[in-house]
Amino acid sequence: MNDKRRPRGYRPSSRVKQTLDDWRRPAPVRTLIDGLGFLGSVLAVTVALALALREGWLWVLLIWPIAAVLVARQLRAVELIVHDASHTNLFPDHPVLNDALADVLFAAPVAQRTRAYWRKHRVHHSDFGSSRDPCLARMTHLNGAPAGLTRLIRYMRDYWTTVGQDAASLAAFVAWHGVVGGLTGLAAGALFGIAPATWLAAWMLGWIVPFLVTLPMLRMVAEREEHDYAGRSEFSSTVSNLGVWHRALFHPWHDGHHLLHHLFPRVPQSRHSAMHRSLDGIDPAYRKSLRRTEPLGPVANLTAVNEEDARNDRHQGPRATPGDAPDARTGTAAA
């Protein structure tokens, strides 16, 4: 592996530069509403499972496979909000509030801590494509594993290492599910007459099992689609995943625009879809970037992007992106 960070490989047009301040504006209300909606939908699935359990396990067996995929998709969206908050895109001028609120609402239910996540994740941005890039190491390790359960287990182990999971995040996970599960169980008992034992079983089926089983499978596909490290630069190694199934399942909450995030990490993720459409209209270089429309399918524009990389190497060296520092946290020093 190379010890040097790969060049950015992209320079925004003058028209893009004029719009950056607007795109970087925080959108905390939208993010909070979206995040609470994702958690609320998982709670609704849990209520449905509890009601099905009262009717018998046959009903649970009929609906649980669909429920497990839906819950995994929503929990993946919650993880993405933690990622966005790790860049202090929730409250950029108040990093302590940013991290505390993200931890309580979104990081704890998925066994993460915002600041711990950032300490690991910043290296992916600051040393992209180098031997220090944890995502490159993780994907290399994953691709070398045998297909099947062995690959999934290896992926899960590597993922938790690279998001900074520790005893504190596990304790927060247990506490969050104990408190929220207990309080909602009391409400479910009062409103629907659901017994505590039934609610506990539904909580395990509706939250814990999808978190441990279906979410890692969905996330593994999503993360394998984000980078093709064969490229010479960050621009030519990062893919936008724009298909219907990407939006519906593998890359919820605007996550398919991964190249945009790498170029402009200070833009809140809730604005990515709109900014992507804007850049496509005003920036020819961005419009020629790597795109995929089918899960794990072929990548469009690959030849053109690689040829542009080669021209840069021969004539002018790597192009840089002014503005967002690759390892900067908005409003606070990188740690």
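The values are calculated or read from the model by the stated rules, or taken from the named source; none is laboratory data. Because the structure is predicted, anything quoted here is derived from the model rather than measured. Note that each Cβ is placed from the backbone with ideal geometry, even for glycine, and that neighbours are counted across all protein chains shown. Side chains are part of the model used for accessible areas, which takes the heavy atoms of the whole protein and leaves out ligands, DNA and RNA. Shrake-Rupley method; radii C 1.70, N 1.55, O 1.52, S 1.80 Å.
Numbers for the structure displayed
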quantity: Peptides 234-244, 282-292 ordered by average Cβ neighbours within 10 Å, highest first; calculated: 234-244, 282-292
quantity: Crossing angle, helix 149-162 versus the chain [Cα axis fit, 0-90 degrees, rounded to tens]; calculated: 70
quantity: Inter-probe distance in nm under a simple model that places probes 7 Å from Cα toward Cβ, at V180 and I153; calculated: 3.0
quantity: For Y10, residues with placed amide H under 5 Å, excluding near neighbours; calculated: R319, A320, T321
quantity: The chain: calculated mean residue ellipticity at 222 nm from DSSP helix runs of at least 4, using -39500 (n - 2.57); calculated: -18000 deg cm²/dmol
quantity: In nm, spacing of pseudo-spin labels at A230 and L200 (7 Å Cα→C-beta vector); calculated: 5.2
quantity: Whole-number accessible area per residue in Å² for the chain, which is evaluated in the context of all protein chains at 1.4 Å; calculated: 44
quantity: Listed candidates (i) 37, 21, 18; (ii) 34, 23, 19; (iii) 26, 26, 21 - label of the one calculated as semi-axes √(5λ) of the Cα gyration tensor in Å; calculated: (i)
quantity: Tensor-based shape of segment 65-188 (alpha-carbon gyration tensor, a/c under 1.5 rounded, otherwise prolate or oblate); calculated: oblate
quantity: Integer Hz, Karplus 6.51/-1.76/1.60 couplings in order for segment 134-145, x for Gly and Pro; calculated: x, 6, 4, 4, 5, 5, 5, 5, 5, 5, x, 8
quantity: Rounded to the nearest 10 Å², the accessible area of M204 at probe 1.4 Å; calculated: 90
quantity: Residues whose placed amide H lies under 5 Å from that of T238, excluding near-sequence neighbours; calculated: D228
quantity: Alpha carbon centroid spacing (whole Å) that separates segment 197-252 from segment 140-182; calculated: 13
quantity: Segment 1-61: chymotrypsin sites (Phe, Trp or Tyr not before Pro) in DSSP coil with no more than 13 other Cβ atoms inside 10 Å; calculated: none
quantity: Hits among lysines - C-alpha to C-alpha of K288 under 29 Å, sequence gap 8 or more where chains match; calculated: K4, K17
quantity: Nearest-ten-degree value, helix 57-86 long axis tilted from longest Cα axis of the chain; calculated: 40
quantity: Difference of contour (0.36 nm per residue) and Cα-Cα distance, A190 to T19; calculated: 56.4 nm
quantity: Phi-based couplings in Hz for segment 167-172 (Karplus 6.51, -1.76, 1.60; Gly and Pro marked x); calculated: 4, 5, 5, 5, 5, 5
quantity: Listed residues L142, L75, L183, most fluctuating in the chain (Gaussian network, C-alpha, under 10 Å); calculated: L183
